[in-house]
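A short worksheet on the structure shown next.
The values are calculated or read from the model by the stated rules, or taken from the named source; none is laboratory data. Keep in mind it's a predicted model, so treat the numbers as computed, not measured. Using ideal geometry, Cβ is built from the backbone for each residue, glycine included, and neighbour counts are taken over all protein chains shown. Side chains are part of the model used for accessible areas, which takes the heavy atoms of the whole protein and leaves out ligands, DNA and RNA. Shrake-Rupley method; radii C 1.70, N 1.55, O 1.52, S 1.80 Å.
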Amino acid sequence: MDRRDFLKAGSMATVGTYLTGTTKTFLMAAPVAEPAKPVAANDHIQIALIGAGGQGQGDTRLAAMMPGVKVVAAADCYNGCLERAKELWGKDILATRDYNEILARKDIDAVVIGTPDHWHMQASVDAMNAGKDVYCEKPMIHVYSDGPKIIDTWRKTNRIMQVGSQGVSSIIYAKAKELLAAGAIGELNMVNVWYDRNSAQGAWQYTVPYDASTTTCDWPRWLGTAPKIAFNPEHFFQWRKWKAYGSGVAGDLFVHLFSGVHMITDTIGPTRAMATGGLRFWKDGRDAPDVMMALYDYDKGFNLAVRTNFVDGGSESMGFVFVGSEGSMTVSPSELTLSRVPREQEPGYRVDPFAEHIQKRMLEIYHQKYPTTHPTGPSLVAEERHVAPPGYSEHYDHVKIWIDAIRSRQPVFEDPVFGFRAAGAALLSNVSYYSGQMARWDAEEMKLLS
Ligand SMILES: NC(=O)c1ccc[n+]([C@@H]2O[C@H](COP(=O)([O-])OP(=O)(O)OC[C@H]3O[C@@H](n4cnc5c(N)ncnc54)[C@H](O)[C@@H]3O)[C@@H](O)[C@H]2O)c1
């Protein structure tokens, strides 16, 4: 989709309400799209991409759709991605293997960081120290010690830094947050979240280019601080499969779910977690499990169950179910469904085991206290659906929020503190899984507890 399509999707969306049986459906309005107005000359933003792979390209393509934003440079460790960056943003952009060349350029305001996780901390810290605003992909951290380094640099340099779990900018999540806060499901007591897949691509077996070699790939730079091993194209292109560069399903997928839960429930993190799982199917040399599930406690009175199954034997899905005393709410990227089945007002009775004359008398007493009533008025609407407009993209909104903040210097919601708390919560699953113990976390102080 290009920017025009997004705008069209926005303008097509009308707010409608439909009643089908006991379900009321609301078609949500798209957020007002950026008008294609000229931007003042001093409002132009020049950005660069560090880590020009799949997601970095996606983020940067969206940023380039915003008025007054120009992509002027890209850094990557594989020639094929640098060539692609030139195809996308022009042959005159600076394309380099060394991101320091980008950071040295005074005319570059901000960078998108789309490297594998083991480079997130160093690239973010270097970029902010060089005066650049940052959009860093999730998970913000690879290991816990990354968190304070990023947060300290962010505070010291006073830069805008946004982390890339784009769901937190979704209109669906915002609606879920509003409904929950308004008491739509009563007191929240349980949250179930999941990310299930069943395909090779879903399980990170990404295609290795035919020309991958030590000539086309800058392997030492790519490895960075990871253990030094001989060039391995699978590690380079399918890095999520190894803990040295990623953090398994916890860092790749749970982090999106925790970002959503923290945003929707207005919480900062769990107190403890216990995880289990195993490598069940994708036995291709990886050292990360392909099935993982964990249970978490939150101080705010709810428990959370999270899972990923890369062998789910069926359709691929992700979502959230929030369960409360008065109902439940199911949230997916494109819609939310609120179900409310009011608790019975009467206690009911169980008289069967007793002698018939006792049953008879008990029923008389019961109905004196609770006279039989017949339903009156309109039929109960038990379900409410809120559906995003066609073509809606929370990713577009998320990148737009970052670009707006670069101009306004106003804080963003998914800042490094939010990013660390989401990733810190997600990675508790790994701490517990690998230790076989309960993992404990101080969400306020953002510290692992022993
Ligand atoms: N927000 C989302 O929904 C979402 C989706 C996919 C990926 N991601 C995140 O995006 C990041 C990238 O994932 P991907 O799938 O695009 O990976 P990828 O392997 O396709 O791209 C990473 C690129 O970074 C380059 N790189 C590595 N070290 C570098 C360095 N020091 N300097 C410059 N470039 C370097 C690599 O050469 C590679 O091309 C990950 O952190 C991942 O978790 C987020």
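Given the structure, is residue 102 away from the ligand (no atom under 11 Å from the Cβ), under 29 Å from the mean Cα position of the chain (by Cα) and of a type in the set (Val, Ile, Thr)? Considered against the rule, which asks whether it is away from the ligand (no atom under 11 Å from the Cβ), under 29 Å from the mean Cα position of the chain (by Cα) and of a type in the set (Val, Ile, Thr), residue 102 comes out as no.
Looking at the structure I just gave you, is residue 63 under 25 Å from the mean Cα position of the chain (by Cα), crowded, with 18+ Cβ neighbours inside 10 Å and either in a loop (DSSP other than H, G, I, E, B) or not β-branched (Val, Ile, Thr) (or both)? Yes, satisfied.
More than 12 Å from the ligand (Cβ to nearest atom) and either in contact (Cβ under 8 Å) with a residue 24 or more places away in the chain or within 27 Å of residue 412 (Cα to Cα) (or both): does that describe residue 243? For residue 243, the condition - more than 12 Å from the ligand (Cβ to nearest atom) and either in contact (Cβ under 8 Å) with a residue 24 or more places away in the chain or within 27 Å of residue 412 (Cα to Cα) (or both) - is met. For the range 422-432, does any single residue satisfy the condition of being of a type outside the set (Phe, Trp, Tyr) and more than 30 Å from residue 152 (Cα to Cα)? Within the range 422-432 (the criterion being of a type outside the set (Phe, Trp, Tyr) and more than 30 Å from residue 152 (Cα to Cα)), the answer is no, since none of the residues qualifies. Among the residues making up the range 201-240, those that are under 29 Å from the mean Cα position of the chain (by Cα) and without any contact (Cβ under 8 Å) to a residue 12 or more places away in the chain are 201, 223, 235.
Whenever a residue of the range 368-388 is more than 14 Å from residue 19 (Cβ to Cβ) and of a type in the set (Ser, Thr, Tyr), its partners that are at pLDDT 60 or above and outside any helix (DSSP H, G or I), lying with C-beta atoms within less than 8 angstrom and at least six residues away or across chains, give the pairs 370/346.
In this structure, residue 275 does not satisfy being touching a helix residue (DSSP H, G or I) at 6+ places or on another chain (Cβ under 7 Å), in contact (Cβ under 8 Å) with a residue 40 or more places away in the chain, over 30 Å from residue 182 (Cβ atoms) and surrounded by fewer than 21 Cβ atoms within 10 Å (Cβ to Cβ). Looking only at the range 137-174, filter to residues that are within 16 Å of the ligand (Cβ to nearest atom) and of a type in the set (A, V, I, L, M, F, W, C); which one of those is farthest from residue 62 (Cα to Cα)? In this case the residue turns out to be 143.
For residue 71, the conditions (1) more than 22 Å from the chain's Cα centre (by Cα); (2) within 14 Å of the ligand (Cβ to nearest atom); (3) part of a strand (DSSP E or B); (4) β-branched (Val, Ile, Thr) are fulfilled apart from (2). Residues in the range 248-259 that are open to solvent by less than 10 Å² (accessible area, probe 1.4 Å) and near the ligand (Cβ under 10 Å from one of its atoms): 4 in all.
Select from the range 43-57 the residues that are surrounded by fewer than 15 Cβ atoms within 10 Å (Cβ to Cβ) and either under 22 Å from residue 165 (Cβ atoms) or under 20 Å from the mean Cα position of the chain (by Cα) (or both) and list them in ascending order. If the condition is that a residue be surrounded by fewer than 15 Cβ atoms within 10 Å (Cβ to Cβ) and either under 22 Å from residue 165 (Cβ atoms) or under 20 Å from the mean Cα position of the chain (by Cα) (or both), then 54 is the only one that fits. In the range 393-400, the condition of being in a loop (DSSP other than H, G, I, E, B), within 16 Å of the ligand (Cβ to nearest atom) and either within 30 Å of residue 57 (Cβ to Cβ) or touching a Phe, Trp or Tyr at 6+ places or on another chain (Cβ under 6 Å) (or both) is met by at least one residue. Would you be able to say whether some residue in the range 365-376 is modelled with pLDDT under 95 and on the phi > 0 side of the Ramachandran plot? There is no residue in the range 365-376 that is modelled with pLDDT under 95 and on the phi > 0 side of the Ramachandran plot.
Results for (1) in a loop (DSSP other than H, G, I, E, B); (2) not hydrophobic (A, V, I, L, M, F, W, C), shown as yes or no for each residue.
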| site | (1), (2) |
| --- | --- |
| 364 | no, yes |
| 384 | no, yes |
| 417 | no, no |
| 426 | no, no |
| 445 | yes, yes |
